[in-house]
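One structure is given here, and the rest of the page talks about it.
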Amino acid sequence: MNRALFLLTYGLVFSIPINTWAKDNTTEVEEMALSPMVTTATKTPRRLDEVPIQTIVVTREEIEKVHAQNLAEALKYTPGVQLKPIHGKTGQGAWIQGFDADRVLVLIDGNPISASTGSTVDVTQVAVGNIEQIEVIKGATSALYGTSAMGGVINVITREPSSNFLISADLSGGNWGSQSEDSNPIAKQHKNFEIATKQENWHGQIVADLTDSDGFKAPDTEGDSTQGWNGHKNTYSGNWQYRFDNDLRITLKPRYFDEDISVFNTSFVPGIGNITQEYKDKTSITNLSTVIEQSLDNQWNWKIRGMWEDYFNDASKASHRETSSNHSELAGQLDFPIGNSHFVTIGAEYQYDEMNVENLTSVTQEVDNETTTSIQAFAQDSWFASPNLEILPGARIHNDSRFGTHLAPMLNAMYNLEDTLPGRVNIRAGVGNGYRTPNLKELYYLFDHSQIGYIVRGNEELEPESSTSYQLGLEWVFPSDDGSLGLSLFHNDIKDLITEVLNPTAVGPDNSVVYEYQNIEEAVTKGLEISFRKSLGRYFALDLSYNYLEAKNTKTNKILVERPQVNAKAGLDIFLGHSVSFTNKVNYESNQFLDEDNTVISPGYTTWDSVINYDINQDLRIYGGVNNVTNVQRVFDGTDFRPEAGRYVYVGVSFQYED
């Protein structure tokens with residue numbers, strides 16, 4: 001059946017009338033070339049090529065042409081971003097510049113997302129059905145973001161209604177061939193629905209994003225174990241705004257995520273042998289955010305933002321545990337000009353977090369309603385020192401209820417070299433202090449897997465970790481924004497890095513080994529990134545990136561685990577007339593060490609994804625694609641970090657009516 005879907009997918013391009021070859025094909029290329037507006041770097045709208053902090057944007061068009069079904073798939077080919085499995089559960093986290101996902105701040109419209117395990121945001125749980133664009137900042141060089149942003153910031157900007165009435169639907173399905181459970185031709189289904197309206201003084205939007213999967217079983221795996229999750233992941237979101245005559249705007253954005261998935265796991269238990277258990281994972285996330293803002297005639301702008309999020313997880317694995325956490329946040333921001341050359345942003349935030357974890361198997365309270373609060377204030381000045389030079393000093397004060405006060409200064413600058421080359425040449429430089437306090441999981445969590453030989457316990461003696469981040473970049477934006485060439489260097493000095501370490505002297509229940517969170521005295525991550533994008537005439541567009549990373553424990557001089565030195569990505573778009581496009585994406589990762597002594601190595605790999613889109617008219621599109629064409633897949637022995645899923649073939653249709 002997989003072969004049939006494969007042939008159907010690639011047969012699409014040959015069954016489509018190619019009489020559109022003669023049509024003007026510049027529209028697709030021009031859409032890629034326009035420099036988008038971004039807000040994450042300065043929290044004020046700016047053109048991407050004029051922002052002093054290096055920012056990468058994944059546009060709505062890029063997300064739609066590869067038919068990404070969640071944030072992980074949308075970030076898959078973003079330069080310098082790596083996706084890695086989350087230990088202990090299904091899902092993935094985003095790593096940047098050698099910092100793991102615990103140190104990358106993930107936001108939706110400026111509001112933080114709850115971490116699925118108390119530390120790591122699962123980016124597969126974030127739907128992309130109503131995303132306008134994704135903005136990525138690398139390194140701790142922005143004063144506008146606090147704890148958890150040592151490695152960078154990923155901000156998901158949702159789409160606001162722009163027409164009187166819109167209704168849309170996107171339906172797709174596919175399978176993993178012989179690995180699909182029950183040989184189901186539609187082993188995985190994805191559905192996205194949107195209805196929206198924009199009136200004179202208000203707009204409203206409702207989006208439902210639904211994913212169902214039967215899972216898959218990889219070859220040569222033990223017993224009845226399965227590697228792909230079975231169940232559903234659903235997201236429902238809304239967006240309502242009312243605009244008063246004085247430009248006062250009130251926005252309300254509710255979001256609800258529901259996950260109910262399971263896999264079968266076969267493991268060896270001492271004294272018993274191999275056993276197969278169904279690992280169940282149920283998650284619900286309820287989020288409500290609101291913004292009250294106003295733009296005044298004198299270029300002053302103010303904003304008050306509030307959000308509340310409730311996270312609940314019921315995980316029945318080797319142990320049965322329930323985790324609940326709450327995050328509340330209230331923030332205010334004021335933007336105003338000073339003279340003709342300064343634009344200042346000041347603000348403050350209050351955050352409250354609470355976590356409770358109960359192990360129902362061992363009747364253990366692993367985290368007993370622990371709480372933490374923080375008050376943060378920030379200031380940043382966009383100083384246009386000359387027509388070609390912008391200097392961006394800033395600072396953030398962080399006061400934590402457990403760890404006191406910390407001041408994090410930052411400084412960025414951008415210089416535009418005029419008349420050097422055709423187009424625009426930017427030099428960006430930045431230095432900043434990153435700071436992260438231990439979260440409640442790292443302080444108190446007791447992850448009891450003694451049934452299968454290990455436990456992980458928190459450490460109340462942990463100290464906050466900090467970093468000094470240096471960023472230097474050179475960017476050449478081609479004339480008419482028809483592509484760019486960039487070179488970036490980065491260096492991060494890290495002190496008291498928090499990580500899981502085996503305690504050789506501790507013994508857990510049933511003689512299990514004990515891992516605990518500890519501070520590593522010093523570590524460093526450094527490297528370079530090269531990126532290139534260019535439209536090649538009317539029918540082709542190319543994007544390339546190369547990332548080199550060196551991440552070491554400076555005390556032992558050993559490479560930090562799970563950090564491949566080389567990550568290269570390439571994309572080629574082929575426009576077969578105005579209505580047909582053929583997109584190919586390639587990703588390469590080199591070998592990576594899995595242990596602190598650098599003796600266990602996970603092999604490098606290359607994957608290739610391919611998709612064909614055919615626009616029947618402006619409202620209707622059919623498409624088909626193959627993820628992991630070369631069928632690269634890991635050996636499930638715990639020492640292989642290549643992709644979990646093999647070749648996946650899918651077809652789909654999207655419809656949109658707009659008035």
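When the stretch 228-275 is filtered for residues that are open to solvent by 20 Å² or more (accessible area, probe 1.4 Å) and not in a strand (DSSP E or B), the ones remaining, listed by number, are Trp229, Phe244, Asp245, Asn246, Asp247, Pro270, Gly271, Ile272. Any residue at all in the stretch 215-227 that's in a strand (DSSP E or B) and open to solvent by 20 Å² or more (accessible area, probe 1.4 Å)? The answer is no, given that none of the residues of the stretch 215-227 is in a strand (DSSP E or B) and open to solvent by 20 Å² or more (accessible area, probe 1.4 Å). Restricting Thr197, Thr117, Thr158, Thr147 to residues that are at pLDDT 95 or above and of a type outside the set (Asp, Glu) narrows the list to Thr197.
Glu550 meets the conditions (1) in a strand (DSSP E or B); (2) buried (at least 16 other Cβ atoms within 10 Å of the Cβ) in every case but one. The failed one is (2).
Within the stretch 492-513, if we keep just the residues that are surrounded by 18 or more Cβ atoms within 10 Å (Cβ to Cβ) and either of a type in the set (A, V, I, L, M, F, W, C) or closer than 30 Å to Pro409 by Cβ (or both), the residue that is modelled with the lowest pLDDT turns out to be Thr499. Among the residues of the stretch 120-178, the ones that are charged (D, E, K, R), within 30 Å of Tyr650 (Cβ to Cβ) and assigned to a strand (DSSP E or B) come to 3 in all.
Scanning the stretch 596-631 for residues that are under 17 Å from Gly228 (Cβ atoms) and open to solvent by 30 Å² or more (accessible area, probe 1.4 Å) returns Asn627, Asn631. Within the stretch 60-94, the set of residues being open to solvent by less than 30 Å² (accessible area, probe 1.4 Å) and part of a strand (DSSP E or B) comprises Val81, Gln82, Lys84, Gly93, Ala94. Being touching a residue at least 40 places away in the same chain (Cβ under 8 Å) and in contact with a strand residue (DSSP E or B) (Cβ under 6 Å, 6 or more places away or on another chain) is a property that holds for Gln471.
As a summary of the residue check, Ile285 satisfies the conditions (1) under 27 Å from Gln333 (Cβ atoms); (2) surrounded by fewer than 19 Cβ atoms within 10 Å (Cβ to Cβ) except for the one numbered (2). Tallying residues that are over 30 Å from Glu200 (Cβ atoms), touching a residue at least 60 places away in the same chain (Cβ under 8 Å) and of a type in the set (Gly, Ala, Ser) within the stretch 227-275 yields 2. Candidates Asp368, Asp353, Asp314, Asp310: the one that is open to solvent by less than 40 Å² (accessible area, probe 1.4 Å) and either assigned to a strand (DSSP E or B) or not hydroxyl-bearing (Ser, Thr, Tyr) (or both) is Asp314. With respect to Val291, is the statement that it is part of a strand (DSSP E or B), in contact with a helix residue (DSSP H, G or I) (Cβ under 8 Å, 6 or more places away or on another chain) and buried (at least 16 other Cβ atoms within 10 Å of the Cβ) true? Here the answer is no, as Val291 does not meet what is asked. Only strands (runs of 3 or more DSSP E) whose full extent lies in the stretch 374-449 are considered here, and the ones with at least 1 residues that are open to solvent by 40 Å² or more (accessible area, probe 1.4 Å), aliphatic (A, V, I, L, M) and within 30 Å of Val357 (Cα to Cα) are 446-449.
The values are calculated or read from the model by the stated rules, or taken from the named source; none is laboratory data. Keep in mind that what you see is a predicted model, and the values were worked out from it rather than measured. Every residue, glycine among them, receives a Cβ derived from its backbone with ideal geometry; neighbour counts consider all protein chains shown. These area figures cover heavy atoms from the full protein model, side chains too; ligands, DNA and RNA do not enter into them. Shrake-Rupley method; radii C 1.70, N 1.55, O 1.52, S 1.80 Å.
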